[in-house]
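Asks: Quick one: the structure is below, questions incoming.
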Amino acid sequence: MVRRLFVAFAAVVAAVASLGAQAPAPSQPLDWDRLRPEILERYRDLVKIDSTPGRETLVVNYLKEVLEAEGIQTQTFAQDPDSANLVARLKGNGSKRPLLILAHTDVVPVEREKWPVDPFGAVLKDGYIWGRGTKDDKPVLAANLMTMLLLKRRGVPLDRDVIFLAESAEEADTTGAGINFMVREHFDAIDAEFAMTEGGGATLDGTRVTRVSIGTAEKRPTRARLVATGTAGHGSVPRLDNPLLHLAAALDKLGRWETPMRLNDTTRTYFERLAAIAPPERAAAYRTVVDKNATPAALSNAQRYLQEHDPPSYAMLRTSIVPTILKAGVGANVIPSEAEATLDIRALPGEDIDRFYAQMAEVIADPAVKVVPIPALRPASPASRIDSEMYRVLEQVSQRMYPGVTVLPGMSPAASDQAQLRAKGIQSYGIGPASTEADALNYPAHGDVERLAESSLYPFVQYVWTVVNEVAAHK
Ligand SMILES: [Zn+2]
């Protein structure tokens with residue numbers, strides 16, 4: 001009898017404990033070890049969906065089912081029914097403006113023969129999860145999804161709404177069905193004070209995270225064509241107005257032109273912090289570019305050094321011009337009347353691009369060569385603040401999770417969907433899971449083969465959860 005009573009009592013305790021595990025009070029810390037199987041399963045579910053462009057609705061269907069099964073209402077918005085977007089919102093008390101957590105659902109195409117495993121198998125091998133999208137962007141999507149589920153299960157009281165957006169068409173945004181459509185047609189559904197999405201990351205040195213990079217700004221693609229014109233004629237008769245010669249001279253002048261160097265809060269802080277951990281020679285170059293008293297010669301040397309040894313840092317210093325396509329000629333014995341080059345120009349935030357084009361024309365100084373702007377696909381976007389509440393939380397959570405870590409704000413030389421959000425006044429920050437430098441190099445986003453260390457997945461979800469709580473939860 002006593003024994004039966006004890007068994008019954010134990011069963012009640014176990015039932016209460018398991019209830020507690022499902023929905024502990026918001027103040028109780030989460031048991032991250034117990035959450036691992038669920039995190040892994042949901043992340044693998046997402047990787048297993050082949051969501052190459054035009055198939056994003058498959059991900060939306062999955063998310064809708066998972067969120068609604070736990071009582072979180074969703075809305076879908078589709079310009080193209082195959083590339084729908086999904087929004088879910090957990091309401092706060094309205095005392096602060098919303099936080100938007102977003103991720104894109106599409107992945108870039110695969111060349112199957114280059115993969116050692118099924119690119120949509122989410123295969124677990126050697127401590128990694130392998131598959132297209134394992135880095136870009138399904139870790140962020142899975143972390144955002146887990147964060148929504150946990151906020152709801154625990155009934156976390158919120159000062160701000162937390163808005164979840166799964167957006168389509170980021171990788172091949174020729175249709176505009178993703179962020180462009182959402183910003184243009186349904187901005188009310190995603191308007192927020194802060195946003196958090198891909199665009200940052202963390203660096204593993206062995207098993208220790210030594211660097212966290214938070215994306216706060218990006219350059220804007222503002223491409224142009226150089227068009228040289230002259231008189232067509234026979235290849236046996238040299239002409240002074242041969243457009244190939246004029247185009248070649250113009251490209252040579254632009255190649256030698258050092259466009260003006262300009263720092264912003266993000267890049268200044270980036271170089272200052274990097275100098276503290278870089279090897280001596282590099283550190284000296286970083287210190288020089290942020291030194292207001294550096295002599296022109298020292299500045300020039302430091303820039304040469306970076307151009308040669310650290311091209312991504314050199315690119316952060318200026319609006320850059322890179323010729324990428326040349327087109328001219330129809331036959332070996334024909335002087336064409338036109339020759340053209342395509343220039344991939346990446347403008348710093350705040351660049352007056354019309355003035356920049358005019359400066360280019362002055363540098364070229366040749367009336368036979370015209371600068372013809374190519375319409376920009378993304379808006380100009382200001383850098384997000386590095387003294388905001390959200391940035392401070394990102395920095396503090398990084399330092400707490402990875403003691404001794406260096407936190408760097410980052411300006412991407414490439415473009416992302418954060419541009420559209422920043423252009424609408426949202427302070428947007430980029431994050432990402434940790435990789436070693438070798439793994440980031442050999443298995444990168446968009447690479448032939450993509451993979452993520454399983455051991456990086458769980459802390460990343462915890463990071464996102466912690467940041468969202470500190471920014472949005474009622475204290
Ligand atoms: Zn991406």
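Asks: Using the crude model of +1 on Lys and Arg Cβ and -1 on Asp and Glu Cβ, and no other charge, please compute the dipole size for the range 39-115 relative to its Cα centre, in debye to 20. Walk me through the intermediate numbers first.
Replies: Numbers: 11 positive and 12 negative charges, 97 e Å.
For this selection, approximately 460 debye.
Asks: Now a separate question. State the answer as a single residue: which of Val397, Gly410, Leu421 lies farthest towards the positive end of the charge dipole of the range 367-451, with beta carbon charges of +1 for Lys and Arg and -1 for Asp and Glu, about the Cα centre.
Replies: Of Val397, Gly410, Leu421, it is Leu421.
Asks: Between 0 and 90 degrees, rounded to the nearest ten: what's the tilt of helix 2-22 against the longest Cα principal axis of the chain?
Replies: In the chain, helix 2-22 runs at an angle near 20 degrees to the longest axis.
Asks: Once Lys and Arg get +1 and Asp and Glu get -1 on their Cβ, which of Ala283, Thr466, Met261 lies farthest toward the positive end of the dipole of the chain?
Replies: Thr466
Asks: Which net charge results when you count Lys and Arg as +1 and Asp and Glu as -1 among the other residues whose beta-carbon is under 11 Å from that of Leu149?
Replies: Values: positive: Arg42, Lys152, Arg153, Arg154; negative: Glu38, Glu70.
Charge balance near Leu149 sits at +2.
Asks: Classify the range 414-475: rounded, prolate or oblate, from the alpha-carbon gyration tensor (a ≥ b ≥ c, eigenvalue square roots; a/c under 1.5 rounded; otherwise prolate if a/b is larger than b/c)?
Replies: Working: a/c = 3.75, a/b = 1.32, b/c = 2.83.
Oblate.
Asks: Okay, next question. To the nearest 10 square angstrom, how much accessible area does Lys424 have with a 1.4 angstrom probe?
Replies: 100 Å²
Asks: Only sites in a loop by DSSP and with at most 16 other Cβ atoms within 10 Å count here; which GluC sites (Glu not before Pro) in the range 213-288 make the cut?
Replies: Values: sites: Glu218, Glu258, Glu272, Glu281; in loops: Glu258.
Filter output for the range 213-288: Glu258.
Asks: Follow-up. What does the charge add up to near Pro109, with Lys and Arg as +1, Asp and Glu as -1, over the other residues with Cβ less than 11 Å from its Cβ?
Replies: Details: positive: Arg55, Arg112, Arg132; negative: Asp50, Asp106, Glu111, Glu171.
That sum, taken over residues with Cβ under 11 Å, equals -1.
Asks: Counting only protein heavy atoms and using a 1.4 Å probe, what share of the accessible area of the range 280-371 belongs to carbon plus sulfur, as a whole percent? Before the final figure, lay out each step's value.
Replies: On the way: 2690 of 4960 Å².
Answer for the range 280-371 is 54 percent, counting heavy atoms of protein chains only.
Asks: Counting Lys and Arg as +1 and Asp and Glu as -1, each charge on the Cβ, what is the dipole of the range 300-354 about the Cα centre in debye, to the nearest 20?
Replies: That gives a dipole near 180 debye.
Asks: Name the residue farthest towards the positive end of the dipole of the chain from the options Ile179, Pro119, Ala143, assuming +1 on Cβ of Lys and Arg, -1 on Cβ of Asp and Glu, about the Cα centre.
Replies: It is Ala143.
Asks: Using only the alpha carbons of the chain, determine the length spanned along each of the three principal axes and report them from longest to shortest in whole angstroms.
Replies: 113, 53, 46
Asks: Then there is this: Taking the Cα atoms only, what angle lies between the long axis of helix 280-290 and the longest principal axis of the chain, rounded to 10 degrees?
Replies: Tilt relative to the chain: about 80 degrees.
Asks: What Kirkwood Rh does the range 18-157 have if only Cα atoms enter the pairwise 1/r average? Answer in Å. Mind showing how you got there, number by number?
Replies: On the way: mean 1/r = 0.0608 Å⁻¹.
One over the average 1/r among Cα pairs gives 16.5 Å for the range 18-157.
Asks: For Thr207 and Arg184 in one chain, what is 0.36 nm times their gap in residues minus the Cα-Cα distance, to one decimal in nm?
Replies: On the way: separation 23, 0.36 × 23 = 8.28 nm, distance 4.33 nm.
So the chain would gain 4.0 nm between Thr207 and Arg184.
Asks: Keeping the other protein chains in place, figure out the carbon and sulfur percent of the accessible area of the range 54-176, with a 1.4 Å probe. Before the final figure, lay out each step's value.
Replies: Working: 2150 of 4400 Å².
Looking at the range 54-176 in its full context, I get 49 percent from C and S.
Asks: According to the square roots a ≥ b ≥ c of the eigenvalues of the Cα gyration tensor, what is the shape class of the range 111-213, taking rounded for a/c under 1.5, prolate for a/b larger than b/c otherwise, and oblate for the remainder? Display every interim value, and only then the final one.
Replies: On the way: a/c = 1.96, a/b = 1.31, b/c = 1.49.
Oblate.
Asks: Tell me the net charge near Leu90. Cut-off is 10 Å between Cβ atoms, Leu90 excluded, with +1 for each Lys or Arg and -1 for each Asp or Glu. All intermediate terms of the calculation are to be shown ahead of the outcome.
Replies: Details: positive: Arg89, Lys91, Lys152, Arg160; negative: Asp161.
Neighbourhood net charge equals +3.
Asks: Between Ser83 and residues 5 or more places away or on another chain, which pairs have amide H atoms under 5 Å apart, with H built 1.01 Å from N, and which residues are they?
Replies: Amide H neighbours of Ser83, under 5 Å, 5+ apart: Thr57.
Asks: Could you tell me which of rounded, prolate or oblate describes the range 62-101, using a ≥ b ≥ c as the square roots of the eigenvalues of the alpha-carbon gyration tensor, with rounded for a/c under 1.5 and, failing that, prolate when a/b is larger than b/c and oblate otherwise? Spell out each step's value before the answer.
Replies: Details: a/c = 3.42, a/b = 1.54, b/c = 2.21.
Cα axes put the range 62-101 in the oblate bin.
Asks: Ignoring everything but the protein chains, give the 1.4 Å probe accessible area of Arg287 in square angstrom, nearest 10.
Replies: The value for Arg287 is about 130 Å².
Asks: Once you charge only the Cβ atoms, +1 for Lys and Arg and -1 for Asp and Glu, what is the size of the charge dipole of the chain about its Cα centre, to the nearest 20 debye? Show your work: numbers first, answer last.
Replies: On the way: 53 positive and 59 negative charges, 221 e Å.
With only Lys, Arg, Asp and Glu charged at Cβ, the dipole is about 1060 debye.
Asks: I'd like the accessible area for Met411, computed on protein heavy atoms only with a 1.4 Å probe and all protein chains in place. Round to 10 Å², please.
Replies: Estimated to the nearest 10 Å², Met411 gives 10 Å².
Asks: Going by alpha carbons, how many degrees (0 to 90, nearest 10) lie between the helix axis of 353-364 and the longest principal axis of the chain?
Replies: Approximately 30 degrees, to the nearest 10.
Asks: Turning to a different aspect of this structure: With each pseudo-label sitting 7 Å past Cα toward Cβ, what's the Ala376-Glu113 distance in nm, one decimal?
Replies: 4.1 nm
Asks: Nearest 500 deg cm²/dmol is fine: what mean residue ellipticity at 222 nm does the chain get from its DSSP H runs of n ≥ 4 alone, each adding -39,500 (n - 2.57), divided by its residue count? Don't jump to the answer; show the numbers that get you there.
Replies: Numbers: 16 runs with 193 residues, N = 475.
Calculated mean residue ellipticity at 222 nm is -12500 deg cm²/dmol.
Asks: Just by accessible area at a 1.4 angstrom probe, what is the order of Val183, Val330 from largest to smallest? Write out the running numbers ahead of the final one.
Replies: Numbers: Val183 25, Val330 130 Å².
I get Val330, Val183, largest accessible area first.
The values are calculated or read from the model by the stated rules, or taken from the named source; none is laboratory data. No experiment lies behind these values; they were computed from the predicted model shown. Cβ: placed from backbone, ideal geometry, glycine included. Neighbour counts: every protein chain shown. What goes into the accessible areas is simple: the full protein's heavy atoms, side chains included, and nothing from ligands, DNA or RNA. Shrake-Rupley method; radii C 1.70, N 1.55, O 1.52, S 1.80 Å.
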